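The values are calculated or read from the model by the stated rules, or taken from the named source; none is laboratory data. Computed from a prediction, not measured in an experiment: that's the story for all the values here. Here Cβ is always computed from backbone atoms with ideal geometry, including for glycine, and neighbour counts include all displayed protein chains. Calculation scope for accessible area: heavy atoms of the full protein, side chains included, ligands and nucleic acids excluded. Shrake-Rupley method; radii C 1.70, N 1.55, O 1.52, S 1.80 Å.
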Amino acid sequence: MKVRKGRLNIIEIRNDTGSIYKIGIIKEKSRPYRLKVEAWVLSQLNSLGVNVPRVFGYYQDQEGREVLILQRIYGKRLSQIMSKKNAQVMLKVGTQLALLRSSMKSQGYGWIDPISMTGKFDDWRSFLLFYLQKYGDLLKNRGTLSEESLKKLLHLLDSINLEDVKPCLVHRDIKPSNILIDKNGEVWILDWENTIIGDQLFDLAIFGARFGEGEFWKNLAKGLELEFETSSPKYMLYKIIGLIGVIDFCQQYGLHWEGKQRRLHKLLQKLQTP
């Protein structure tokens, strides 16, 4: 058995059973049952034909930790084989994610409630407002984001039309290390514990904010087949909100965040508010 310890989970890879045990070692206040939610999300995705691991079981152990038992997928993560040639893998990722547009039917927005498995907010704007105020204030108090910039973002959010956003499962952590290619060339999307219900464009914007809008991003966008402009206020706002969340996580867990802050400031300089 191989064991890998992350910041939130321990991963136990059990060769004898061909399964992976994902054990939560930190219970966040905002998401106390994130692995239970992930189990539900994976079941929804399997029914839609998305390539994700099957769930073999879920329980809480004697220490109160969440334990999620998953099918082990054999292959290599995209981060291990990064190249322009493999940028085409992101086209398949986008095509898989496009299947999610039929996943939700008026079940709320934002974080998923672990009991009802519906979004905790009545509309997408309310979730974004809460998220921006909560994490924007945290960054402001740490000196990472100015009060003027936060006010500018809140004003922009208030001006954007979000009434036509249809609820959809949003991964929120699409990155090369969460994409696996098996021996048959099939593409699998891993680690769905950060899933929310919202606008699918949010996933594309977060990827663009973190990794730029080069070949990998272009292929992801092509697979998703979304109609938008990269210069649109909504897309720019999504990129900034995504970066704010990433920076907060990095600051909490002692990861490098200064480069992401510089990226955030560049986006804020480009931002035009009505």
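So if we plug the beta-carbon distance of R72 and S102 into 1/(1 + (r/R0)^6) with R0 = 30 Å, what FRET efficiency do we get, rounded to 0.05?
Working from the Cβ atoms, E equals 0.60.
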For a Förster distance of 41 Å, can you work out the FRET efficiency between the beta-carbons of F56 and F228, rounded to the nearest 0.05? 0.60
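Give me the percent of Cα-Cα pairs in the chain that sit more than 31 Å apart, rounded to a whole number. Don't skip to the end; give the middle numbers.
Details: 9467 of 37401 pairs.
Summing the P(r) of the chain above 31 Å gives 25 percent of all pairs.
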Using 7 Å Cα-to-Cβ label points, what is the D182/D16 separation (nm, one decimal)? 2.5 nm
Quick one: if the Förster radius is 22 Å, what FRET efficiency do R65 and M1 give, using the C-beta to C-beta distance and rounding to 0.05? 0.80
Here, GluC sites (Glu not before Pro) of the range 19-75 satisfying both criteria (DSSP loop; at most 10 other Cβ within 10 Å) are E63
What's the carbon and sulfur percent of the chain's accessible surface, probe 1.4 angstrom, rounded to a whole number? 48 percent
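Does the range 34-132 come out rounded, prolate or oblate, given a ≥ b ≥ c as the square roots of the eigenvalues of its C-alpha gyration tensor, rounded meaning a/c under 1.5 and, failing that, prolate meaning a/b above b/c?
Here the range 34-132 falls in the oblate category.
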